[in-house]
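These notes are about the structure you will find just below.
The values are calculated or read from the model by the stated rules, or taken from the named source; none is laboratory data. None of the values given here were measured: they were computed from a predicted structure. Cβ coordinates were reconstructed from backbone atoms using ideal geometry, including for glycine residues, and neighbour counts include every protein chain displayed. To get the accessible areas, we keep the full protein, side chains included, count just its heavy atoms, and leave off ligands, DNA and RNA. Shrake-Rupley method; radii C 1.70, N 1.55, O 1.52, S 1.80 Å.
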Amino acid sequence: MTMRDAQAWRDARQRNRDWLARWDATAPPGAETDTPLTLRRGLRQLLRLADRGEAMPFVLEVDGAFGGQVTVNSVLRGSAQSASIGYWIDQRFAGRGLMPRAVALAVDHCFGPGRLHRVEIAIRPENSSSLRVVEKLELREFGYAPRYLHIDGDWRDHRLYAVTPEECPGGLRARLG
């Protein structure tokens, strides 16, 4: 992502507001800051994290249009060499198998140039679309986290998935054929 993606991101998020609301992270009570997070400030913050190697934000482009986002978050170095991935897609592009490919490419990047050893994905149990992504990628479920993340106004349970390069020696993209 770059600052040039801001308007397209805003348009896609606006267009998909109702469709994504159930799955969007929210600030828990008492976590609000004095300064509201604007799109530009949030994107600058994300790009700063990317510059420091703590995040990898990717745009999903579909036929030249902004179609969604895959973000590698919480990059840990040292002995962990791990991160988590979050993603969303514009509803008009959903159901085409694009997100499994995008996540696979992001994971393959993490294991290649990103030099990571473990990538995790946390998914709400009722998010059948996201569960289908990890199912197609044959990711290993390793746990269940009650009240794990503040989503859509409350603390929500999540199913936890992970993958390491040893589990996909040919790359995750290769699993999709």
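Some values worked out for this structure:
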{"read-out": "Residue selected from segment 57-82 under the condition among the hydroxyl-bearing types (Ser, Thr, Tyr) and farther than 17 Å from residue 100 by Cα, by the criterion most open to solvent (accessible area, probe 1.4 Å)", "value": "79"}
{"read-out": "Qualifying position, being open to solvent by less than 60 Å² (accessible area, probe 1.4 Å), in contact (Cβ under 8 Å) with a residue 60 or more places away in the chain and on the phi < 0 side of the Ramachandran plot, among 150, 158", "value": "150"}
{"read-out": "From the options 47, 43, residue that is at pLDDT below 90, under 30 Å from residue 96 (Cα atoms) and open to solvent by less than 100 Å² (accessible area, probe 1.4 Å)", "value": "43"}
{"read-out": "Qualifying residue in segment 18-37 (condition: within 15 Å of the chain's Cα centre (by Cα), closer than 26 Å to residue 112 by Cβ and open to solvent by less than 70 Å² (accessible area, probe 1.4 Å))", "value": "no"}
